[in-house]
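What follows is calculated from the coordinates using simple rules that are stated; it is not laboratory data. Every value quoted in this text rests on a predicted model; they were computed, and no experiment measured them. Neighbour counts run over all protein chains shown; Cβ positions are idealised from the backbone, glycine included.
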Ligand SMILES: Nc1ncnc2c1ncn2[C@@H]1O[C@H](COP(=O)(O)OP(=O)(O)O)[C@@H](O)[C@H]1O
Ligand SMILES: [Mg+2]
């Protein structure tokens, strides 16, 4: 259902090494939204995803997934990490990368026929099944990114988190990749973070900005002034093609 809340962050604060990295972050994401979060490097985007994944603990605030405490429903999240984090030299095949996600969840060493068929299905979904025997290190950046999406899909997520997925690929590839995301969005909620406004803005349904705190509101007009004020981003990049132009401070949240 469109109005089902799948993610709720309430007054979330995170500190790292004595520095406030997330400050009073409030966010509600409805099912089947495609939320793009843009913001400068160091703005806290990855940290927010890590909060959702339970890898970073806020010192204040609430996190809910599908209406329940995050711990209970974290298995509903799929995660596509920043490509740079993948070790290219590791000798592992495409299908092993995908199936290993299922083994990690089961904490087992053996995979079943079901695991195998789910992995194949996930690879087919991203059009990488023909390359399933290839080594990861032999793929292009774009192909590798699709495999990482398949890896996340193999766990049947309801919500897919993507961290800078097009950072290291050319724009021709990126367009196809966003088309894939739009297809996936028919079945699941997507949250994509990027420092690159132009990459994100024409494909998402909702756009938010993150620079320590989160600036967003559903179905509001974009205010270029706000982007410049909160962010110092070149505004012309997001002038066209944004379905929902969203940029307002959340209630009670000021600037820096
Ligand atoms: N493990 C960590 N230890 C200390 N500081 C961190 C750690 N992870 C992130 N930070 C700091 O938190 C801030 C936000 O980082 P990050 O969430 O990676 O931003 P973004 O993904 O938007 O570039 C940065 O100032 C970064 O240096
Ligand atoms: Mg990051």
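Structure notes:
- Region 56-65 - residue that is in contact with a helix residue (DSSP H, G or I) (Cβ under 8 Å, 6 or more places away or on another chain) and part of a strand (DSSP E or B) and, of those, nearest to ligand 2 (Cβ to nearest atom): 63
- The set of residues from region 20-55 being part of a loop (DSSP other than H, G, I, E, B) and touching a residue at least 40 places away in the same chain (Cβ under 8 Å) comprises 31, 32, 33, 39, 40, 41, 43, 44, 53.
- Of the helices (runs of 4 or more DSSP H) contained entirely in region 91-194, those carrying at least 3 residues that are over 19 Å from the mean Cα position of the chain (by Cα), more than 16 Å from ligand 2 (Cβ to nearest atom) and without any contact (Cβ under 8 Å) to a residue 24 or more places away in the chain fall at 94-106, 113-125.
- Of all residues in region 1-19, those that are within 12 Å of ligand 1 (Cβ to nearest atom) and not in a strand (DSSP E or B) total 2.
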